[in-house]
1. Within the stretch B:57-84, how many residues are closer than 17 Å to B:Ala19 by Cβ and away from chain A (no Cβ under 14 Å)?
2. Could you check the stretch B:29-46 and list, in sequence order, the residues that are surrounded by 13 or more Cβ atoms within 10 Å (Cβ to Cβ) and touching a residue at least 24 places away in the same chain (Cβ under 8 Å)?
3. Give me the pairs: first residue in the stretch B:100-114 and facing another protein chain (nearest Cβ under 7 Å) and in contact (Cβ under 8 Å) with a residue 12 or more places away in the chain, second residue open to solvent by 50 Å² or more (accessible area, probe 1.4 Å) and among the acidic types (Asp, Glu), beta-carbon distance under 8 Å, and six or more apart or on different chains, which are they?
4. Considering each of A:Leu77, A:Leu21, A:Leu84 in turn, give the residue that is within 14 Å of chain B (Cβ to nearest Cβ) and either more than 13 Å from the chain's Cα centre (by Cα) or of a type outside the set (Asp, Glu) (or both).
5. With the requirement that a residue be among the charged types (D, E, K, R) and out of contact with any strand residue (DSSP E or B) (no Cβ under 9 Å at 6 or more places or on another chain), what does the stretch A:51-83 give you?
6. What's the number of the condition B:Gly43 fails, among (1) in contact with a Cys (Cβ under 9 Å, 6 or more places away or on another chain); (2) in a strand (DSSP E or B); (3) closer than 22 Å to A:Glu44 by Cβ?
7. Where in the stretch A:6-113 are the strands (runs of 3 or more DSSP E), entirely inside, with at least 2 residues that are open to solvent by 70 Å² or more (accessible area, probe 1.4 Å) and in contact (Cβ under 8 Å) with a residue 24 or more places away in the chain?
8. Suppose the filter is farther than 28 Å from B:Ile50 by Cα and touching a Gly at 6+ places or on another chain (Cβ under 9 Å); does A:Ser73 pass it?
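The values are calculated or read from the model by the stated rules, or taken from the named source; none is laboratory data. Quantities reported herein were computed from a predicted structural model and do not represent experimental measurements. FYI the Cβ positions are ideal-geometry reconstructions off the backbone, even for glycines, and counts take in every protein chain you see. The area values use the complete protein model at the heavy-atom level, side chains included, leaving out ligands, DNA and RNA. Shrake-Rupley method; radii C 1.70, N 1.55, O 1.52, S 1.80 Å.
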Amino acid sequence: EPEVTQTPSHQVTQMGQEVILRCVPISNHLYFYWYRQILGQKVEFLVSFYNNEISEKSEIFDDQFSVERPDGSNFTLKIRSTKLEDSAMYFCASRTGGPSAQFFGPGTRLTVL
Amino acid sequence: GENVEQHPSTLSVQEGDSAVIKCTYSDSASNYFPWYKQELGKGPQLIIDIRSNVGEKKDQRIAVTLNKTAKHFSLHITETQPEDSAVYFCAATPLGIQGAQKLVFGQGTRLTINP
């Protein structure tokens, strides 16, 4: 069964450093998402991406964040200058077109020291 | 914007009994309501979903009901088994930018099945 994959599973970085989180969505999916989950809290929407552009973003997704689909398979989330409060689990999700379910990857745990 | 409230935050039931988790949403235009199961160290896994034109949906031991008038929906798990122990999240999709379909999640319910 096809699944969303994410790398790395755990990333440790120093405050102020740039990080890139990588995702490979399911191959025939058209819509891509990033969510985050701070430890013990609910899953929060960050951004949705379709047809090579951002379709919606949340207040959390400020100028420090960017997304890219550099080729036909990868979908990346970049945080330019990490802050302590960026420490969280980051989930990538994807879905096909039309009304359809979102499928989540296993997540990347980001720890900012 | 859309707000989803989920109750209870923790639920402990005896193996074989039923478990019910309830969610309310605020945006009457929301039209899609999935439920996810999250096991320790893993991503949310879709277990069942329902659209606003349907009142109830069942898949083996799992069922979801939706009351659009009251703006609440519930997950029912019957004949619970130890492997049902996990955190369960409800979510709603508000009517937003066409096609974006972001999910707004509830706070989660930690379900423990006692053998």
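1. Matching residues across the stretch B:57-84 total 19.
2. Scanning the stretch B:29-46 gives B:Ser30, B:Asn31, B:Tyr32, B:Phe33, B:Pro34, B:Trp35, B:Tyr36, B:Lys37, B:Gln38, B:Pro44.
3. The qualifying pairs are B:Phe105/A:Glu44; B:Gly106/B:Glu5; B:Gln107/B:Glu5.
4. Values: A:Leu77 fails: within 14 Å of chain B (Cβ to nearest Cβ); A:Leu84 fails: within 14 Å of chain B (Cβ to nearest Cβ).
Answer to the check: A:Leu21.
5. From the stretch A:51-83, those among the charged types (D, E, K, R) are A:53, A:56-57, A:59, A:62-63, A:68-69, A:71, A:78, A:80, A:83; that's our starting set.
Hits for the stretch A:51-83 are A:Glu53, A:Glu59, A:Asp62, A:Asp63, A:Asp71.
6. All conditions pass for B:Gly43, except number (2).
7. Numbers: elements: A:10-13, A:19-24, A:31-37, A:43-50, A:53-57, A:65-68, A:75-79, A:88-95, A:108-112.
Answer list for the stretch A:6-113: A:10-13.
8. Details: farther than 28 Å from B:Ile50 by Cα: yes; touching a Gly at 6+ places or on another chain (Cβ under 9 Å): no.
Judged against the criteria, A:Ser73 is not a match.
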